[in-house]
Every structure is written in structure tokens, then in C-alpha cells.
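I have placed the structure first, in the form of C-alpha cells, so that the comments after it can refer back to it.
The values are calculated or read from the model by the stated rules, or taken from the named source; none is laboratory data. All figures in this text were calculated on a predicted structure; none of them were measured in a lab. All Cβ positions, even for glycine, are placed from backbone atoms using ideal geometry, and neighbour counts span all protein chains on display. Note: accessible area is taken over every heavy atom of the protein model, side chains too, but ligands, DNA and RNA are not part of it. Shrake-Rupley method; radii C 1.70, N 1.55, O 1.52, S 1.80 Å.
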Amino acid sequence: MTDTPQSYALLPGAGDSPVILHVPHSSREIPAGVRSGIVLGDAELERELDHITDAHTAAIAGAAAEAAGTTPWRFVNGLSRLVVDPERFPDEREEMLASGMGAVYTRTTHEEALRPDGFDHGPLIERYFRPYARAMTEAVADRLTATGRAVIIDVHSYPTAPLPYELHGTGPRPPVCLGTDAFHTPPGLLEAAREAFAPCGETGLDSPFAGTYVPLEFYGKRAEVTALMVEIRRDTYMTEPGGPAGPGLRDLASALRVLVEAVSR
């Protein structure tokens, strides 16, 4: 753990690519100054990171990008979501506040204390959340200017068995869950994803996780910004929780490459 980690990275793709692979939850990195505000012991924190981190998703996105005929852009979070979760609403609109998992988490995946009561979220929001949101907004705006559209593909993973914090954990848990938004996920994007991931097993819709990420400046306003969340069940490519990747990673990266190429045209 370091005091000055890279908070995020925008990895350039082809100038004519509209695609941004967004990888928000793949890192385990926690700056020392943030670690001091977390009440878990070191062993407990490592186990929490095993459960909450979308392990190896940056590798899946990276392999897909390198193999794609038209290289997509990648926006990768360099910090753990235990620092801030860049995909949450930073206010009362966020339903995960009910689980203590808004933009700044106060509870763990097993509903135990992560930060002390009365913790001041403000400094973390200003230091990490807002710069990330601005940078992602600029990345999408750049693709709009360059290509007339932007396609955000969120790359996530989820555990085979539901964790206590999940608000909708009782529904189906297919090998690949596709999260959609009524405004930003057009039928063509969804169909391309279903076809691309068909070799990886069943694809489901919005269960156990729903929705997708679009920067607030464009959310519900710009139909040229399309988005899809790809949630991959972890047993398909890794040892749970927090273990090494297996051969399934290669197949998933290939499927993601197919999707990237389909929506780049």
C-alpha cells in the first residue's frame, strides 16, 4: 500500500474507436492514509478485498483490447472500491446506501463495520470520486467529438454465491449477467453482447446486478452515449474468493473482443 498510487488510467485506443472499456473494481490498492480510516485488521481487510474486488477484470479487458481489430480505449481504476466506488451516486439517489455501500463504504460485504460511525465521507469524495468522475466524463466527451458516439462497456465480476450485502441476491446468477439501462442500452448493443458471450454459457439480464454506468453529464440526456454492464460469474474464470485466474479468462477475453469489434463498426 502506498500514499500516492495512480488513481486511474486512461489507456488510449484507436482514434476512430467509440468504445471505452471501463474497469472500476479490479484493484486492491488502498493508500495508507485511507487505510487508517478502516477499522478492519489486516487479515480481515485482505479477506474483504477477496470478496469485494472484481479480480482479474483488468486482465480480461486488457487481453480483449490487445486482440481487437480496432483497439478500444480503457479507463481503469487504480484503487480499490473500498477507497471510493466511482460507480455509485454520491448522494441519496444511491440505493446501496441502505447497505452502507454508497460512494464511500461504511459496511463490509458481510454487513460488518468497515469505517467508524460518523465517518466524514467528504474528503474521500473530493480527493478521489470527483476527479475520477471528471476524467471519465472527459473521456466520453472525447469519443463523442472524435466519432460522434461513445460505447461504454463496464467490465465486472460477481461471486457464485450471494454475499449478505446484495440487495437483489435471490435472483438468477448466470455465467454472464448483462446490466442494462432503459435509455442508454439499445437493443443492438444488447444483442451483440448476447451473441459475443454465447460461447461462455448462459447470459442473463439484470440479475443479480442491474443497470450500467454513464457519467452524470450524459446520463438520460445523450442517446449517442450507449452503455452495457458485463458481470462475469467468478467461478467461470478464477478460484474464489480472491484466487488465481484459470483458463476461462482467455475465453471471456475472446468474447469481450468479439463484442468490442461488433460495436466498433
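List pairs: first in the range 62-78 and of a type in the set (Phe, Trp, Tyr), second assigned to a loop (DSSP other than H, G, I, E, B) and open to solvent by 30 Å² or more (accessible area, probe 1.4 Å), Cβ under 7 Å, 6+ apart or cross-chain? Sorted first by the residue in the range 62-78, then by its partner, the pairs are 73/12.
Just one residue in the set 137, 145, 170, 160 is under 30 Å from residue 112 (Cβ atoms), modelled with pLDDT of 95 or more and not aromatic (Phe, Trp, Tyr); that residue is 160.
Annotation note: of 114, 79, 49, the sole residue that is within 13 Å of the chain's Cα centre (by Cα), buried (at least 17 other Cβ atoms within 10 Å of the Cβ) and not basic (Lys, Arg) is 79. Residue count for the range 111-129 under the criterion of being in contact (Cβ under 8 Å) with a residue 40 or more places away in the chain and under 30 Å from residue 12 (Cβ atoms): the result is 4. Within the range 216-230, the set of residues being open to solvent by less than 20 Å² (accessible area, probe 1.4 Å) and touching a Ser or Thr at 6+ places or on another chain (Cβ under 6 Å) comprises 227, 228, 229.
Pull out all pairs, ordered by first then second residue, where Cβ-Cβ is under 8 Å, the residues are six or more apart or on different chains, the first lies in the range 37-48 and is of a type outside the set (D, E, K, R), and the second is not in a loop (DSSP other than H, G, I, E, B). Close Cβ pairs (under 8 Å, with a partner that is not in a loop (DSSP other than H, G, I, E, B)) amount to 38/45; 39/113; 40/48; 45/35. If the condition is being small (Gly, Ala, Ser) and either touching a His at 6+ places or on another chain (Cβ under 7 Å) or buried (at least 20 other Cβ atoms within 10 Å of the Cβ) (or both), then the range 14-46 contributes 17, 26, 27.
I'd like to verify a number: residues in the range 91-105 that are open to solvent by 40 Å² or more (accessible area, probe 1.4 Å) and touching a residue at least 40 places away in the same chain (Cβ under 8 Å), how many?
Going through the range 91-105 one residue at a time, the tally reaches 2.
Screening 212, 226, 239 for residues that are more than 20 Å from residue 56 (Cα to Cα) and out of contact with any Cys (no Cβ under 8 Å at 6 or more places or on another chain) leaves exactly one candidate, 226.
Within the set 150, 210, the sole residue that is of a type in the set (Gly, Ala, Ser), in contact (Cβ under 8 Å) with a residue 12 or more places away in the chain and surrounded by 21 or more Cβ atoms within 10 Å (Cβ to Cβ) turns out to be 150. Screening residue 238 on (1) over 26 Å from residue 17 (Cβ atoms); (2) surrounded by fewer than 16 Cβ atoms within 10 Å (Cβ to Cβ); (3) among the aliphatic types (A, V, I, L, M) shows it passes everything except condition (2). Across the range 169-206, the number of residues qualifying as surrounded by 16 or more Cβ atoms within 10 Å (Cβ to Cβ), more than 20 Å from residue 89 (Cα to Cα) and hydroxyl-bearing (Ser, Thr, Tyr) comes to 1.
Whether any residue in the range 128-141 is closer than 23 Å to residue 265 by Cα, touching a strand residue (DSSP E or B) at 6+ places or on another chain (Cβ under 9 Å) and open to solvent by 30 Å² or more (accessible area, probe 1.4 Å) is what I want to check. Yes, there is a match, as at least one residue in the range 128-141 is closer than 23 Å to residue 265 by Cα, touching a strand residue (DSSP E or B) at 6+ places or on another chain (Cβ under 9 Å) and open to solvent by 30 Å² or more (accessible area, probe 1.4 Å).
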